[in-house]
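Engineer: Have a look at the structure that comes next, please.
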C-alpha cells in the first residue's frame, strides 16, 4: 500500500511513524517526571489528596537545614573515595592487559565477570564474606594472624566503606574494559616514534597514554561521581540503611520520604537537588577537562 | 610499551594474581557452602570444601522455597516481550534518524543523550503515579512499559551500524520499487543482526539484574522475578547459609553462561557506547 505513495510522502511517514513512540516513551518516563518533580517540590502533596497547595521554597529550606536529610551525603562520600581508587586500579589493569601478557583474554574475562552478575545475589554473597562470626574475610584475617572479629557491616564508622568495596568488586572490571578499549585505539606508531626519541615507560604513559585517554577518564569520572551520588541498591538490599541509619544514602532517603512517609513534596525537592548536583558536577568537569584537553 | 624489565613483569603478574583471587574468593565461599549438609556446615570451617559435590538437596530446597520456577518464568516473559518491542522500536527509530535528514534530528538524539543525566531512580516517585493511573501496578505490563524505551547506548550502537551500510543498497531497492518500509524491514533490519544481538544480550542482562523496578511495581507474590525471589528467600532464611548459597548460585548461573558464550557481543556493546 505504501508503494502508491511518492517517496517524499513515504519519507515523512517513516520519520514520523518511526520516531514518535520512542519519543513519547522518553517524554513520559524521563522528562515529564523531571518537570513534575520540579512542580511538586513547591507543594506539600501527600501523594493521594487531589489538591496540592503551593508552599514556595519551604521544602528546599527543609532539605538544606535538616541535617538528617542533607547530612546523609557524608555516607555517599565513601563511595566517591572508593570510586577514585577503583578508577586508578582500572587504568592500571587496562595498561597491564594492553601490554604483552600471557592469558590476557582470560584475565579480562575474569575481571569483568562481576559486572554481569545479579546485584541482589552479589549483595548477599558479600553478606557472607563480611559476616562477623563465620564470614570468610574474618576467617581469612584470623588465618594470617590478624584480628578476625571485626563487624564489617555493623560498624557505624566504616560500614559505608565496606559497602563501597563491594561496588569496587563489581564495577572495576567494567571501568577497565572501557579504558582498555580506549588504549587499544591509540595508534601503535605513536609509541614507536616515542621509543626512537628515547622516551621510556613512565614518560610514554605521561605524554602519550594519558592525553589519549582523557575523554574516557572524563566519562569514567562522571560515572563515578554520579554513581556515588545516586548509590542505592547495595545498602538497600544488604543493610537497609543500618546500623542506626549510618549506611543510609541520599536516594534511599528520597524513596523513604515519598513511599513511606508520603511526603511527595519534600521527596521531590530532594530529587531536584540531586539532579542539580549532577548537572553542576557535569558542568565543572566539562570546564576543567575541556581546558586541559586543549 | 613499558620497558620489559623483570621487576615490572613480576609486579604485573603478581597484581593480576591478587586481583583474580579477590574476584574468585567470594563466589568460592558460596559454591563450597551450597553443597554442604547442615551438620557439615556446623562442624567445618565455612572455607573448607564440602564432602561431596553431589549433595544437591540445598538446591532443590531453595528452588522450591524461593518459588524460582515462577521467578524464572516471569523474568523470561518480561525479557521476551520487552525485547520484541524494544528492538523493533529502537531499530526503526535509528533507521529514520540514520537514513534521513530532517529538522530537529540533532535535538531528537540530544534529548536521549540528555536524559542520561536525570537520576532515573528518583523519577520513579512520579512514574509510580503514572503507572498507577494506567492500572499497570502489580502487572507484568508496568515494568515492561518502563523497559521498552530506547536508551542512548542502543541508539549509538544502531546508528554506528546503519552508517556503515552503503546507501546504494537502499537506492537499488527503491529502483526495484520497494517502499521505504520494506527497505527497513527486508534490507536494513536483517543487516543490523550483529548490533541487534549485542543489544539483546545487554538488555537481557540489565533486566535480569534489575531489582528496584519489580520490587516497586510488582509486590504481589505471584509476580516474583529473579531478583525479588532472592530477596524474599533471604528475608526468611538468612541464617541458612547452605540454602541461600544455593539460591545465589542458581541466580548467577544464567548470566554467567550468557557471558561465557557471548562475551564478544558484550564487550563490543560496552565499549562501543563508551568510546563514542
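The values are calculated or read from the model by the stated rules, or taken from the named source; none is laboratory data. Keep in mind the model is a prediction, meaning the values are calculated, not measured. Positions of Cβ are backbone-derived with ideal geometry, glycine not excepted, and every protein chain shown enters the neighbour counts.
Engineer: Anything in region A:146-157 that is at pLDDT below 80 and surrounded by fewer than 13 Cβ atoms within 10 Å (Cβ to Cβ)? List them, or say none. Spell out how you get there, then give the answer.
Structural biologist: Looking only at region A:146-157, we keep the residues that are at pLDDT below 80, and these are A:147-149.
Listed by number, the residues that qualify are A:147, A:149.
Engineer: Next question. Can you name every one of the helices (runs of 4 or more DSSP H) wholly within region A:158-246 that holds 1 or more residues which are in contact with a helix residue (DSSP H, G or I) (Cβ under 9 Å, 6 or more places away or on another chain), within 9 Å of chain B (Cβ to nearest Cβ) and over 25 Å from residue A:287 (Cβ atoms)?
Structural biologist: A:159-184, A:188-196, A:201-204, A:233-238
Engineer: Based on this model, can you work out whether residue A:117 counts as surrounded by fewer than 20 Cβ atoms within 10 Å (Cβ to Cβ), under 28 Å from the mean Cα position of the chain (by Cα) and within 12 Å of chain B (Cβ to nearest Cβ)? Walk me through how you get there before you give the answer.
Structural biologist: Working: surrounded by fewer than 20 Cβ atoms within 10 Å (Cβ to Cβ): no; under 28 Å from the mean Cα position of the chain (by Cα): yes; within 12 Å of chain B (Cβ to nearest Cβ): yes.
So residue A:117 does not fit the description; no.
Engineer: Oh, and also: Give the number of residues within region B:132-149 that are more than 18 Å from residue B:224 (Cα to Cα) and either buried (at least 17 other Cβ atoms within 10 Å of the Cβ) or within 23 Å of the chain's Cα centre (by Cα) (or both). Reasoning before the result, please.
Structural biologist: Step one: list which residues in region B:132-149 are more than 18 Å from residue B:224 (Cα to Cα), which gives B:132-135, B:148-149.
Still in the running and either buried (at least 17 other Cβ atoms within 10 Å of the Cβ) or within 23 Å of the chain's Cα centre (by Cα) (or both): B:148-149.
Looking only at that region, the number is 2.
Engineer: If you don't mind, there's one more thing I want to ask. Please go through region B:257-269 and give me each residue that is within 13 Å of the chain's Cα centre (by Cα) and more than 14 Å from residue B:194 (Cα to Cα), ordered by number.
Structural biologist: Those that are within 13 Å of the chain's Cα centre (by Cα) and more than 14 Å from residue B:194 (Cα to Cα): B:257, B:258, B:259.
Engineer: For residue A:93, are the conditions met, namely being over 30 Å from the mean Cα position of the chain (by Cα), facing chain B (nearest Cβ under 8 Å) and not in a loop (DSSP other than H, G, I, E, B)? If you could, list the steps in order and put the result at the bottom.
Structural biologist: Numbers: over 30 Å from the mean Cα position of the chain (by Cα): no; facing chain B (nearest Cβ under 8 Å): yes; not in a loop (DSSP other than H, G, I, E, B): yes.
No.
Engineer: Pick out the one residue from B:72, B:102 that is farther than 19 Å from residue A:27 by Cα, within 14 Å of another protein chain (Cβ to nearest Cβ), in contact with a helix residue (DSSP H, G or I) (Cβ under 8 Å, 6 or more places away or on another chain) and free of Cβ contacts under 8 Å to residues at least 40 places away in the same chain. So that I can check it myself, show each step before the final result.
Structural biologist: Values: B:72 fails: free of Cβ contacts under 8 Å to residues at least 40 places away in the same chain.
Testing whether each residue is farther than 19 Å from residue A:27 by Cα, within 14 Å of another protein chain (Cβ to nearest Cβ), in contact with a helix residue (DSSP H, G or I) (Cβ under 8 Å, 6 or more places away or on another chain) and free of Cβ contacts under 8 Å to residues at least 40 places away in the same chain leaves just B:102.
Engineer: Another question, if that's okay. Would a scan of region A:89-108 turn up a residue that is surrounded by fewer than 20 Cβ atoms within 10 Å (Cβ to Cβ), out of contact with any strand residue (DSSP E or B) (no Cβ under 6 Å at 6 or more places or on another chain) and within 23 Å of residue A:252 (Cβ to Cβ)?
Structural biologist: No: zero hits.
Engineer: Somewhere in region B:24-33, is a residue more than 9 Å from chain A (Cβ to nearest Cβ), part of a helix (DSSP H, G or I) and touching a residue at least 12 places away in the same chain (Cβ under 8 Å)? Explain how you work it out, then say what you get.
Structural biologist: Start the filter on region B:24-33 by keeping residues that are more than 9 Å from chain A (Cβ to nearest Cβ), which leaves B:31-32.
Now restrict to residues that are part of a helix (DSSP H, G or I): B:31-32.
Applying the additional criterion that residues be touching a residue at least 12 places away in the same chain (Cβ under 8 Å) yields B:31-32.
Scanning region B:24-33, I find at least one residue that is more than 9 Å from chain A (Cβ to nearest Cβ), part of a helix (DSSP H, G or I) and touching a residue at least 12 places away in the same chain (Cβ under 8 Å), so the answer is yes.
Engineer: Now for a different question. Considering each residue of region A:116-140, count those that are assigned to a helix (DSSP H, G or I) and without any contact (Cβ under 8 Å) to a residue 60 or more places away in the chain, and give that number. Even if it seems obvious, please write down each step before you answer.
Structural biologist: First, pick out the residues of region A:116-140 that are assigned to a helix (DSSP H, G or I): A:116, A:119-129, A:136-140.
Imposing the further condition that a residue be without any contact (Cβ under 8 Å) to a residue 60 or more places away in the chain reduces the set to A:116, A:121-122, A:125, A:128-129, A:136-140.
Adding up the residues that qualify gives 11.
Engineer: Give me the helices (runs of 4 or more DSSP H) completely within region B:159-276, filtered to those with at least 1 residues that are loosely packed, with under 15 Cβ neighbours inside 10 Å and at pLDDT below 90, ordered by residue number.
Structural biologist: Values: elements: B:167-175, B:193-209, B:212-217, B:226-237, B:241-275.
Helices (runs of 4 or more DSSP H) meeting the threshold: B:226-237.
Engineer: Within region A:120-145, work out how many residues are surrounded by fewer than 22 Cβ atoms within 10 Å (Cβ to Cβ) and either within 24 Å of residue A:73 (Cβ to Cβ) or away from chain B (no Cβ under 13 Å) (or both).
Structural biologist: Result for region A:120-145: 1.
Engineer: Just wondering, is there one or more residues in region A:254-272 that are without any contact (Cβ under 8 Å) to a residue 60 or more places away in the chain, more than 24 Å from the chain's Cα centre (by Cα), more than 8 Å from every other protein chain (Cβ to nearest Cβ) and over 26 Å from residue A:123 (Cα atoms)?
Structural biologist: yes
Engineer: From B:184, B:217, which residue is within 19 Å of the chain's Cα centre (by Cα) and touching a residue at least 60 places away in the same chain (Cβ under 8 Å)? Write out each step before concluding.
Structural biologist: Numbers: B:184 fails: within 19 Å of the chain's Cα centre (by Cα).
Within the list B:184, B:217, the selection yields B:217.
Engineer: Kindly establish whether residue B:234 is in contact with a helix residue (DSSP H, G or I) (Cβ under 7 Å, 6 or more places away or on another chain) and within 30 Å of residue A:5 (Cβ to Cβ). Please lay out each step first, then the result.
Structural biologist: Numbers: in contact with a helix residue (DSSP H, G or I) (Cβ under 7 Å, 6 or more places away or on another chain): yes; within 30 Å of residue A:5 (Cβ to Cβ): no.
Criteria not met by residue B:234.
Engineer: Quick check on this structure: which one of B:112, B:93 is closer than 30 Å to residue A:258 by Cβ, crowded, with 21+ Cβ neighbours inside 10 Å and facing another protein chain (nearest Cβ under 7 Å)?
Structural biologist: Values: B:93 fails: closer than 30 Å to residue A:258 by Cβ.
Within the list B:112, B:93, the selection yields B:112.
Engineer: Could we say that residue B:252 is at the interface with another protein chain (Cβ under 7 Å from one of its Cβ atoms) and either within 26 Å of residue A:259 (Cα to Cα) or touching a strand residue (DSSP E or B) at 6+ places or on another chain (Cβ under 6 Å) (or both) here? Reasoning before the result, please.
Structural biologist: Working: at the interface with another protein chain (Cβ under 7 Å from one of its Cβ atoms): yes; either within 26 Å of residue A:259 (Cα to Cα) or touching a strand residue (DSSP E or B) at 6+ places or on another chain (Cβ under 6 Å) (or both): no.
No.
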